[in-house]
Amino acid sequence: MAISEHLPAAAKAAPKPRTLRTGTTWVGRNLPWLTLLPTGILGAVFIYGFIALTIYTSMSASKLIPDYTFVGFEQWVKLWSMRRWGIAVNNLFVFSGLFIAIATVIGLVLAILLDQRIRHEGTIRTVILYPMALSFIVTGTAWKWILNPGLGIESLLHDWGFVEAQFDWLVRRDRAIYTVVLAAVWQSSGFIMAIFLASLRGIDPSIMQSAMMDGASTWRIYRRIIIPQLRPAFFTAVVILLHMAIKSYDLVIALTNGGPGTATDLPSTFMYDYAFDRSRIAIGAASATMMLFTIAAVIVPYLYSELRSHNRSRTS
Amino acid sequence: MNDIVLGQRSLTDRLLRVALYGVLIGFMLFYLAPLYVMVVTSVKSLEEILAGGLMNLPKKLDFYGWSEAWNNACVGTECRGMAPFMWNSLIASTAATIIPTAIGALNGYALSLWRFKGSELFFGLLLFGAFIPFQIVLLPMASFLGWIGWSSSLVGLTFTYIVYGLPFTTLYFRNFFVSFPMDLVNAAKIDGIGYFRFFWRVALPSSVPIMIVSIIWQFTNTWNDFLFASTMTKLESATVMVALNNFVEVANGVKRYNVDMAAAIIAGLPTLAVYLVAGRYFLRGLMAGAVKG
C-alpha cells in the first residue's frame, strides 16, 4: 500500500516491462505464467475446488459418512430450523456488533490521543499492539483465569472493598458472550488504532493549522474536519473487524468452549461441532457455506474497490 | 497539535496534557494487566493462588508451575510436558514459513513485473483465497489428507499451512514489486538479463523488507493457528496451541492455574519475541493484509 506512494510519478507511469526478453524458446516466452502454474493448480483445487465440494456436500444427503445423493436445499432448510444454529447466528450479531463498535471507538480514541505529539509514542504503541501477536488460545487461557468467578476479577473487587461485588459473567448464560467481546476487543483494538493512526498521519497538517487560525476549537476541528476525512479508515476497520468476528473460533474455544451450554456458540464453533464431533457432515458443510457467503458479501466488494482504486492511482 | 499554534501554554493546556498522559497510561495498564496477571500467577504456589489476590505479587517465588508445564503437563493420558509440542510447532511453522515465502516471491515477481493477459484476474482470484473462512475447506482437506495418507500428521498440517499461506505471501511480494522502479527493469532489458537472473540478482535482493514481513506473518500465523492444527493432528503430532488448549481443558480435581499460566506464557513466547524484535514488520504485514493495493 504505502510503498508505491513514495515513488516518483514517473516511475509509476513508465511502460510495462512486457518487452523484456526472456528467450526465444516457448518455455522462455511463457515463463511468467509457468511460474504461477503450481500456485494456480493448488488454488484451483484447494481453494475453489474445495469450496465447490463443501457447497455440494451441503446439498447432499451426507450424514455420518459422505453420501453424494443430491437433495437440493434440504440441509440448508434443516440448518435454519435448528435452534442451536439460531443461537449461533444471534450470538454472531451480538458479538460482532459490540466488538466492531467498541474496538472502532477505542481504536479511534487511541489514535487521536497518540497523534498529539506524545513522548514515548513508540513504546505506547508497542504495548497497545502486542496482544495481536499472541494466539487467541494463549489470551483466551489468560482471560479465562482472570474472569473466573471466585478467584478472578471478582476477588479483586472484594479486595478493593466491594464486598458484595459479583462478577460471574463467564459462567452466566446471558452474560458469557460479553466476556468474549471483552477479550476480543482487548486483543484487536490496537490494530484498529494503528489503522486510524496511519490515516491521521496522512492528513495534511495545514488543514488543522488554518482551522486553528480561524479560532475553531480542537474538538470542533476533529468532529467537523479530521474525523470525516478518516472515512476510508473507518471502512477498512469495519471490514477487518467484521471479517475477524465471523472467523472467530479459537478465542471462544479457549475462553468458554461455546458454553455455558451453547450460550456462546458462534457459527464457527457450530460448524466444527457438527462437521467433526457429531459427524453430521452435511449440516456442518451447510453452516460453513453460510459463513463463506457472509464473508464473501463483505470481502468481495471490498477487494474489488481496493484493487480498482489502486489501479487507478497507479495509472494516473 | 495545540502547541503548534500556541506559543506558550496556558494552565488549562497543561492540565489537558496531564490528563492526556493519564488516559494513555490507563490504556497501557489495561493492555498490560492480563500479561501481568499471567506472569505473577505462574510463579505463585497453588495455595497462594487459591487464597485470592489476583493482582498481588507472589509472596514467595515458586517455579512449580513452570517446571510442571515444561516437563509433566498432560495431554490426554500422556504426561510429557510441552517440549515435544513446541518442537512440533517449530517444525511445522518453519517449513510453512520458508516454502510459501519462496514461492510467493516468485509469484509476486511474475504478477507485477511480467504481467500477462489474465494476470490481474489470477491475482484477484488468489487474493480471495486469503480471506475465506477456513471452515469452508476443512472437511474436504481432512478427507484429502486421509486419502493420501497424511491424516493426523505434521506433514499434512504443514502442507495445509503452505497451501493456504500462498495467497498472503503472493500478495505481499506482488504489492512490493508493483512499485519497483521501472528504470531498473528497463536497464536490465537493455542489458539482456533473463527472467530468472533478473529475479535472482535484482528483484530478490531488493525485496528483503517484504521478505521479513512475509516470514513474520507466516510464522506468527502458523504458530498461533488452532483451527487447522486441531483438525489435522492427533496426540503425537499436536502443535503447542492444541496442547495448551488440552492442558487447560483437562480438569481433574483442582485446576492448577500456575501450570496453566506458565504453559500459556511458554506457548506465546516465540511470537511475542518476534513481535518485540520486529514489531514494525509485524504491523506492516497486518496492514498489507488489510489494505490492499
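The values are calculated or read from the model by the stated rules, or taken from the named source; none is laboratory data. Just so you know, these numbers come straight off a predicted model, no measurement behind them. A quick note on method: Cβ atoms are made from the backbone with ideal geometry, for glycine too, and the neighbour counts reach across all protein chains shown. For accessibility, only protein heavy atoms count, side chains too; no ligands or nucleic acids. Shrake-Rupley method; radii C 1.70, N 1.55, O 1.52, S 1.80 Å.
State the percentage of accessible surface on chain A attributable to carbon and sulfur atoms; use a 1.4 Å probe and exclude ligands, DNA and RNA.
On chain A, the fraction of accessible area on carbon and sulfur atoms equals 64 percent.
Checking buried surface per residue: for the range B:52-100, which residues lose a minimum of 30 Å² accessible area in the protein assembly relative to the chain alone (1.4 Å probe)?
When all protein chains are present, B:L54, B:M55 each give up 30 Å² or more of accessible surface.
Within the accessible area of chain B, what % is carbon and sulfur when the probe is 1.4 Å and the other protein chains stay in place?
Carbon and sulfur together cover 69 percent of it.
Amide H to amide H, which residues 5 or more places from A:S60 or on other chains are under 5 Å from it, using H placed in the peptide plane?
Placed amide hydrogens put A:V71 under 5 Å from A:S60.
Given bins 5 angstrom wide, list per bin the percent of all Cα-Cα distances in the range A:37-87, short to long.
Result returned by the calculation: 5, 19, 19, 17, 17, 11, 8, 4, 1, 0.
Which whole-Hz ³J(HN,Hα) couplings does the range B:15-32 yield from phi under the Karplus relation 6.51 cos²θ - 1.76 cosθ + 1.60, θ = phi - 60°, glycine and proline marked x?
4, 4, 4, 4, 4, 4, 5, x, 4, 5, 5, x, 4, 4, 4, 4, 6, 7
Given +1 on the Cβ of Lys and Arg, -1 on the Cβ of Asp and Glu, and no further charges, what dipole in debye does the range B:36-111 carry about its Cα centre, rounded to the nearest 20?
My answer is approximately 120 debye.
Show me, for the range A:222-232, the HN-Hα J-couplings you get by feeding each phi into the Karplus relation (A = 6.51, B = -1.76, C = 1.60, θ = phi - 60°), rounded to Hz, glycine and proline as x.
Ordered by residue, 3J(HN,Hα) equals 5, 5, 8, 10, 6, 4, x, 6, 8, 3, x Hz.
What is the sum of charges around B:M241, taking Lys and Arg as +1, Asp and Glu as -1, for the other residues whose C-beta is under 11 Å from the C-beta of B:M241?
Result for the local shell: -2.
Using a 1.4 Å probe, how large is the accessible area of A:I55, given in Å² and rounded to the nearest 10?
In the full protein context, A:I55 sits at about 40 Å².
May I ask you to rank A:R231, A:R173 by accessible area, largest first, using a 1.4 Å probe over the protein chains only?
If we order A:R231, A:R173 from most to least accessible, we get A:R231, A:R173.
Counting heavy atoms of the protein chains only and a 1.4 Å probe, report the per residue accessible area for the protein assembly as shown as a whole number of Å².
43
Which ³J(HN,Hα) values, rounded to whole Hz and listed in residue order, are derived for the range A:60-71 from phi using the Karplus coefficients 6.51, -1.76 and 1.60 in 6.51 cos²θ - 1.76 cosθ + 1.60 with θ = phi - 60°, glycine and proline given as x?
Computed from phi, the couplings for the range A:60-71 are 10, 8, 3, 10, 5, 10, x, 9, 8, 5, 6, 10 Hz.
Using modelled backbone amide H atoms (1.01 Å from N, in-plane), which distant-in-sequence or interchain residues come within less than 5 Å of B:A73's amide H?
B:G81, B:M82
Which value, in nm² and rounded to one decimal, describes the direction-averaged projected area of the C-alpha convex hull of the protein assembly as shown?
Across all orientations, the protein assembly as shown yields a mean hull projection of 31.6 nm².
Compute the Cα gyration tensor for the range B:158-227, then decide on rounded, prolate or oblate, letting a ≥ b ≥ c be the square roots of its eigenvalues: rounded whenever a/c is under 1.5, prolate when a/b is larger than b/c in the other cases, and oblate in all that remain.
Verdict is prolate for the range B:158-227.
With a cap of 15 neighbouring Cβ atoms within 10 Å, and only residues DSSP puts in a loop, list the chymotrypsin sites (Phe, Trp or Tyr not before Pro) found in the range B:46-140.
Sites meeting the loop and neighbour criteria: B:F63, B:F116.
Quick check on the range B:84-211: take the gyration tensor over C-alpha atoms, sort the square-rooted eigenvalues as a ≥ b ≥ c, and tell me if it's rounded (a/c under 1.5), prolate or oblate.
Prolate is the answer for the range B:84-211, as a/c is 1.5 or above and a/b outweighs b/c.
For chain A, with the dipole built from +1 on Lys and Arg beta-carbon atoms and -1 on Asp and Glu ones, taken about the Cα centre, which of A:A165, A:P232, A:A103 lies farthest toward the positive end?
The Cα lying farthest towards the positive end belongs to A:P232.
Using only helices, what value at 222 nm comes out for the protein assembly as shown when you add -39,500 (n - 2.57) per DSSP H run of length 4 or more and divide by the total residues, to the nearest 500 deg cm²/dmol?
-21000 deg cm²/dmol
With a ≥ b ≥ c the root eigenvalues of the C-alpha gyration tensor of the range A:20-131, is it rounded (a/c under 1.5), prolate (a/b larger than b/c) or oblate?
Cα axes put the range A:20-131 in the oblate bin.
Before we go on, tell me the buried accessible area for the B/A pair, both chains summed, 1.4 Å probe, in Å² to the nearest 100.
Summed over both sides, the interface buries about 10000 Å².
Counting only the backbone N, which residues of the range A:100-120 are under 12 Å from the spot 7 Å out from the Cα of A:T218 toward its beta-carbon?
Inside the label zone: A:112-118.
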